[in-house]
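Everything below concerns the one structure shown next.
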Amino acid sequence: MAAAFALGEGRSSVKAKAAATLEVPGRLFVRELACQCGERRRVLRLKGRLRMSQQKCAKCGRRMSPLGTGLANTLRGDTLSSRELARPLSSLGLLPADVIALGRRNRLSCFELGSSSKDP
Ligand SMILES: [Zn+2]
């Protein structure tokens with residue numbers, strides 16, 4: 001994922017990198033799941049692309065669902081831990097041919113995964 005953020009950077013400074021954003025047009029990221037029993041889990045995954053095992057509550061086995069507050073349409077580079085940044089985009093549920101949009105200083109650049117060409 002750090003490489004994805006780097007795509008949007010060009011040769012910008014480290015400071016600009018921190019403020020870079022990543023989004024998947026039309027999709028939301030799930031940052032937190034909640035269970036009826038009160039259990040919570042932090043995740044980083046596209047909504048609708050969670051694996052069953054990720055949704056199963058470790059405490060009671062019921063299916064967890066994202067909280068409204070646990071959804072985000074944009075990921076900010078500076079809110080992600082280095083461990084999260086080290087994860088490949090595929091671990092977020094992204095698939096080849098998905099389009100990601102990288103933002104920096106109000107400029108948004110779109111990239112299609114699995115290809116190096118840039119969208120017009
Ligand atoms: Zn539960």
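Each of CYS37, MET1, LEU94 was placed along the dipole of the chain (beta-carbon charges, centred on the mean Cα), and the one lying farthest toward the positive end is CYS37.
Can you give me the Rg/Rh ratio for the chain, using Cα atoms for both radii and the Kirkwood formula for Rh?
1.01
So if I place +1 on the C-beta of Lys and Arg and -1 on the C-beta of Asp and Glu, and nothing else carries charge, what would the dipole magnitude of the range 27-72 be about its Cα centre? I want it in debye, nearest 20.
160
Starting from the exponent 0.38 and prefactor 2.2 Å, build the expected Rg for the range 27-72 from its residue count and divide its actual Cα Rg by it. In units of the 2.2 N^0.38 Å rule of thumb, it is 1.01.
Taking every DSSP helix (H) stretch of at least 4 residues in the chain, weighting each as -39,500 (n - 2.57) and dividing the sum by the residue count yields a mean residue ellipticity at 222 nm of -3000 deg cm²/dmol. How much of the accessible area of the chain, probe 1.4 Å, is carbon plus sulfur, in whole percent? Carbon with sulfur: 51 percent of the solvent-accessible area.
Here the contact order of the chain, divided by its residue count and restricted to Cα pairs under 8 Å and six or more residues apart, works out to 32 percent. Across the range 27-72, Cα pairs under 8 Å and at least six residues apart give a relative contact order of 49 percent. Relative to the current alpha-carbon distance between LYS56 and GLU84, full extension at 0.36 nm per residue lengthens the span by 8.0 nm.
If R0 is taken as 25 Å, the Cβ-Cβ distance between LEU113 and SER65 corresponds to a FRET efficiency of 0.40.
The values are calculated or read from the model by the stated rules, or taken from the named source; none is laboratory data. Note that the structure is predicted; figures quoted are calculated from it, not measured. Virtual Cβ from ideal backbone geometry, glycine too; neighbours counted across all protein chains shown. Areas reflect the complete protein model, heavy atoms only, side chains present, ligands, DNA and RNA absent. Shrake-Rupley method; radii C 1.70, N 1.55, O 1.52, S 1.80 Å.
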